[in-house]
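**Student:** Structure below; questions to follow.
The values are calculated or read from the model by the stated rules, or taken from the named source; none is laboratory data. What you see is a predicted model; the values in this text were computed from it and never measured. When we count neighbours, we look across all protein chains shown, and the Cβ atoms used for this are built from the backbone with ideal geometry, even at glycine. Accessible surface areas use protein heavy atoms only, side chains included; no ligands, DNA or RNA. Shrake-Rupley method; radii C 1.70, N 1.55, O 1.52, S 1.80 Å.
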Amino acid sequence: MPNILLGDDDEELTQLLQEYLQNHDIDCDCVHDGEAVMQRLKNTSTATAYDLLVLDIMMPKIDGLSVLRQLPAISDIPVIMLTAKGEEIDRIIGLELGADDYITKPCNPRELLARINAVIKRTRLSDSDSTLEHMPLPESRLHLDQNQRLCQIDGTELQVTGTEFDLLLALLKKKGEVVSKAWLSEHVLQRELQPFDRSLDVHVSRLRKKLQPFHDEPIKAIRGKGYQLVL
């Protein structure tokens, strides 16, 4: 049974979401400021128990973006951001800081549940019957350890988020091919590609920056078609 931490200062909303998620077999702890989120995750016993963090951007004491900046030092927990409708810059910054996904407020509990299940599914590698899982890994300068979720290039370990690992794995398994954004969204983000959704582009941009010390153009963007890994 998944266990998530929900950080949001709207107590009425968190109670509603908590009840909904628990009715769908997801344990949910709630805190109402960024400082409390950090304290929970710094506590080893509770941090290891959480499968995912749902994090509001606008919170007292420590805002959500500041939490994201500090998070890598204490936890590798996957994160779904809650952002205000229309605040695209917050979503982009959050994804650049390592969030796995986002959902806008006011959010539909059913959609949040779907996003939570998709991220946890990727993290736990439970999709053993997917097309992606059965594709062989081609020869490459990249080495991806699918069991330990580790990434190396030329023997140097790269620090990547869970979503970045899955994206790189998908591109590597289709190395040399131009992979459409729609296919990547479906197989990596576990959802259909939506108009004006830049999540995938931001994740690719972060990967490019991490790979560029080893190759000038590690991931090509093919206009109107998708992305191609060339390493």
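**Student:** If ARG69 meets every condition in (1) under 21 Å from PRO2 (Cβ atoms); (2) free of Cβ contacts under 8 Å to residues at least 40 places away in the same chain; (3) open to solvent by 60 Å² or more (accessible area, probe 1.4 Å) apart from one, which number is that one?
**Tutor:** Result: ARG69 passes all but (1).
**Student:** Answer yes if at least one residue in the stretch 131-152 is at pLDDT 90 or above, of a type in the set (A, V, I, L, M) and open to solvent by 50 Å² or more (accessible area, probe 1.4 Å), and no otherwise.
**Tutor:** Checking the stretch 131-152: not a single residue is at pLDDT 90 or above, of a type in the set (A, V, I, L, M) and open to solvent by 50 Å² or more (accessible area, probe 1.4 Å).
**Student:** In the stretch 22-32, is there at least one residue being assigned to a loop (DSSP other than H, G, I, E, B) and among the hydrophobic types (A, V, I, L, M, F, W, C)?
**Tutor:** Yes, the stretch 22-32 has at least one match.
**Student:** Mind counting the residues in the stretch 200-225 that are under 16 Å from LEU184 (Cα atoms) and open to solvent by 60 Å² or more (accessible area, probe 1.4 Å)?
**Tutor:** Adding up the residues that qualify gives 5.
**Student:** I'm trying to understand the selection: among the residues of the stretch 188-204, which are in a helix (DSSP H, G or I) and either of a type in the set (A, V, I, L, M) or under 13 Å from THR161 (Cβ atoms) (or both)?
**Tutor:** Those that are in a helix (DSSP H, G or I) and either of a type in the set (A, V, I, L, M) or under 13 Å from THR161 (Cβ atoms) (or both): VAL188, LEU189, SER199, LEU200, VAL202, HIS203, VAL204.
**Student:** A further question follows. Regarding the stretch 101-112, can at least one residue be identified that is open to solvent by 60 Å² or more (accessible area, probe 1.4 Å), under 30 Å from ASP10 (Cβ atoms) and either in a loop (DSSP other than H, G, I, E, B) or modelled with pLDDT under 90 (or both)?
**Tutor:** yes
**Student:** Which pairs have Cβ atoms under 7 Å, sit 6 or more apart or on different chains, and link a residue in the stretch 161-177 that is over 18 Å from GLY94 (Cα atoms) to one that is in a helix (DSSP H, G or I) and at pLDDT 90 or above?
**Tutor:** LEU168/LEU207; ALA170/LEU184
**Student:** Say we look at the stretch 175-199 and pick out the residues that are of a type in the set (Lys, Arg) and surrounded by 15 or more Cβ atoms within 10 Å (Cβ to Cβ); which of these is nearest to ALA99 (Cα to Cα)?
**Tutor:** Filtering first and then ranking leaves ARG191.
**Student:** Tally the residues that are outside any loop (DSSP other than H, G, I, E, B) and open to solvent by 10 Å² or more (accessible area, probe 1.4 Å), restricting the search to the stretch 72-86.
**Tutor:** Residues that pass the stated criteria total 3.
**Student:** Same structure, new question: Quickly run through the stretch 167-182 and pick out the residues that are in a helix (DSSP H, G or I) and either modelled with pLDDT under 90 or under 13 Å from LEU231 (Cα atoms) (or both).
**Tutor:** Scanning the stretch 167-182 gives LEU168, LEU169, LEU171, LEU172, LYS173.
**Student:** From the residues in the stretch 33-54 that are surrounded by fewer than 16 Cβ atoms within 10 Å (Cβ to Cβ) and part of a loop (DSSP other than H, G, I, E, B), which one is farthest from the chain's Cα centre (by Cα)?
**Tutor:** ASN43
**Student:** Can I ask one more? Does any residue of the stretch 58-65 turn out to be among the charged types (D, E, K, R), in contact with a helix residue (DSSP H, G or I) (Cβ under 8 Å, 6 or more places away or on another chain), surrounded by fewer than 17 Cβ atoms within 10 Å (Cβ to Cβ) and in contact (Cβ under 8 Å) with a residue 60 or more places away in the chain?
**Tutor:** The answer is no; no qualifying residue exists.
**Student:** Further, regarding this structure: For the stretch 1-51, which positions are β-branched (Val, Ile, Thr) and either touching a Pro at 6+ places or on another chain (Cβ under 9 Å) or more than 19 Å from GLU111 (Cβ to Cβ) (or both)?
**Tutor:** ILE26, VAL31, VAL37, THR44, THR46, THR48
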